[in-house]
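Okay, so here's the structure we're looking at.
The values are calculated or read from the model by the stated rules, or taken from the named source; none is laboratory data. Note that this is a predicted model, so its numbers are computed, not measured. Glycine also receives a Cβ, built like all others from the backbone with ideal geometry; neighbour counts cover every protein chain displayed. Each accessible area value is taken on the protein alone, full model and side chains, heavy atoms only, with ligands, DNA and RNA left out. Shrake-Rupley method; radii C 1.70, N 1.55, O 1.52, S 1.80 Å.
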Amino acid sequence: MSLLTRPQGANRALIEGGAAASGLRFDVVEEPVLVKGFRRMVRDLEFDVAEMALTTYLTAKEHGVAFTALPIFLVRDFHHGAAQVLRKNSSRPVADLAGRRIGVNRGYTVTTGVWGRAALAEAGLDLDSVTWVCSGDEHVPAYVPPKNVLRAPHGATLQEMLLAGEIDAVVGAGITHPEVVSQIANPDEAATDVLRQRGVFPINHLVVVRDELLAQHPELASTLFADFAEAKRRYVERLRSGPGDSRQDQILARVMKITGSDPLPYGVEKNRGTLEELIDNAMSQHIVRTRPAIEDLFADGTLELQG
């Protein structure tokens, strides 16, 4: 089967061989810019199995794209630092961004943007009052964003627009410039407070499979789950002996220290609270119009699986 993903801690053993005890063989497709692979999957169902951004999946599912997720959550991250402003404006309360223009990296439905806006909302910003200026378009072409979402001028970058005062903040742009700082003070501390208080460690990416394959091979979903879970188990065991140098390693090691448990749990039940919170945000941000039931988002035979 063709598999769109990129090598990372949680799936490296599967990609490099040795963890696929089921005997499944993968033709791994490495798209240098992974989000371009998401677009190819959403628009053309180009792969059998694909890593996929969570909010892109929710949007695609609502618009009838013929793939279904497995509760395999490959990538998670903290996003309280996703919103950035000019240093000279960093003392301004978050609520004062109401009525202003805020840039969004790529499309409005990008998962990092959703989590980043959610952090701003929790800090007191009325998201509906903001004009959101996106640097790109949407993966799901049928999706129509709210009227307060605009496209940035052709050729303009969010960094240039922020430095020029054409926008008042950005979300998800990851700008590294001496005059650009996080809007939310001490973002790592704020994010870990949410983890401690609500148990929410934001999910970014999961795994989807073409519906045609799931219908033809009813056992495929549980087999894939087991293979990905085994690869992840090996990775977490390595983290327990000391994190690596990557940012993801460092974040996961910190989560494991705080929670005392696997920082990348697979399966629906252990992630229900985080999934419900993401869906809450997708609804309040006008990304999905009808609230999906979590049970309808995942393939038959996977709801009880844990890994």
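Can you give the local net charge around Asp137? Use residues other than it whose beta-carbon is closer than 13 angstrom to its beta-carbon, Lys and Arg +1, Asp and Glu -1. Can you show the working numbers first?
Details: positive: Lys36, Arg39, Arg43, Arg106, Arg151; negative: Glu138.
Summing Lys and Arg as +1 and Asp and Glu as -1 gives +4.
When you work out D = kT/(6 pi eta Rh) for the chain at 25 °C and 0.890 mPa s, using the Kirkwood radius from C-alpha pairs as Rh and the Stokes-Einstein form, the result is 123 µm²/s. Among the protein heavy atoms, those of Lys61 account for about 60 Å² of accessible surface (1.4 Å probe, every chain in place). Relative to the longest principal axis of the Cα atoms of the chain, the long axis of helix 111-122 makes an angle of roughly 50 degrees.
Computed on the Cα atoms alone, the convex hull of region 55-150 gives a volume of 111 cubic angstrom per residue.
In summary, region 174-307 shows an alpha-carbon radius of gyration equal to 1.23 times the 2.2 N^0.38 Å reference for compact globular proteins.
If the only charges are +1 at each Lys and Arg Cβ and -1 at each Asp and Glu Cβ, what is the size of the charge dipole of region 222-307 around the Cα centre, to the nearest 20 debye? Intermediate results must be reported in sequence, preceding the final value.
On the way: 12 positive and 14 negative charges, 88 e Å.
About 420 debye.
Take Arg272: with every protein chain present and a 1.4 Å probe, its accessible area is about 60 Å². Taking all protein chains as they are arranged and a probe of 1.4 Å, the heavy atoms of Ser261 leave approximately 50 Å² accessible to solvent.
Hey, any idea what % of region 1-71's accessible area is carbon plus sulfur with a 1.4 Å probe? Walk me through the numbers on the way to the answer.
Details: 1310 of 2830 Å².
Of the solvent-accessible surface of region 1-71, carbon and sulfur hold 46 percent.
Could you calculate the FRET efficiency of Leu24 with Leu163 from 1/(1 + (r/R0)^6), where r is the beta carbon distance between them and R0 is 45 Å, rounded to 0.05?
Between Leu24 and Leu163 the formula returns 0.40.
Sorted largest first, the principal axis extents computed over the alpha-carbon atoms of region 41-92 equal 48, 21, 17 Å. Farthest toward the positive end of the dipole of region 151-232, out of Ala152, Pro187, Phe228, is the Cα of Phe228, where the dipole comes from beta carbon charges about the Cα centre. Once the Cα atoms are used to define both axes, helix 187-198 deviates from the longest principal axis of the chain by about 60 degrees.
Per residue, the accessible area of region 123-265 comes to 48 Å² when a 1.4 Å probe rolls over the protein heavy atoms. Shown here is the pair-distance distribution of region 75-210: with all Cα-Cα distances grouped in 5 Å bins from zero up to the longest one, the shares run 2, 10, 20, 24, 20, 14, 7, 2, 1, 0 percent. Look at the dipole of region 238-283 built from charges on Cβ: of Gly242, Ile258, Met283, the Cα furthest out on the positive end belongs to Gly242. Using Cβ point charges alone (K and R +1, D and E -1), the dipole size of the chain about the Cα centre works out to roughly 660 debye. Here the spin labels are modelled as points 7 Å beyond Cα on the Cα-Cβ line, and at Arg240 and Thr290 they lie 4.4 nm apart. Available extension along the chain between Asp280 and Asp137 is 49.2 nm, counting 0.36 nm per residue and deducting the alpha carbon span.
Between Asn186 and Glu269, the FRET efficiency from the beta-carbon distance, with R0 = 22 Å, is close to 0.10. Taking the Cα centre of region 106-254 as origin and assigning +1 to Lys and Arg Cβ atoms and -1 to Asp and Glu Cβ atoms, the resulting dipole is close to 400 debye. Relative to one another, the C-alpha centroids of region 138-174 and region 244-259 are positioned 31 Å apart. Taking 13 Å as the cut-off, the amide N atoms of region 270-289 that come nearer than this to a point 7 Å along the Cα-to-beta-carbon line of Thr259 belong to 270-275.
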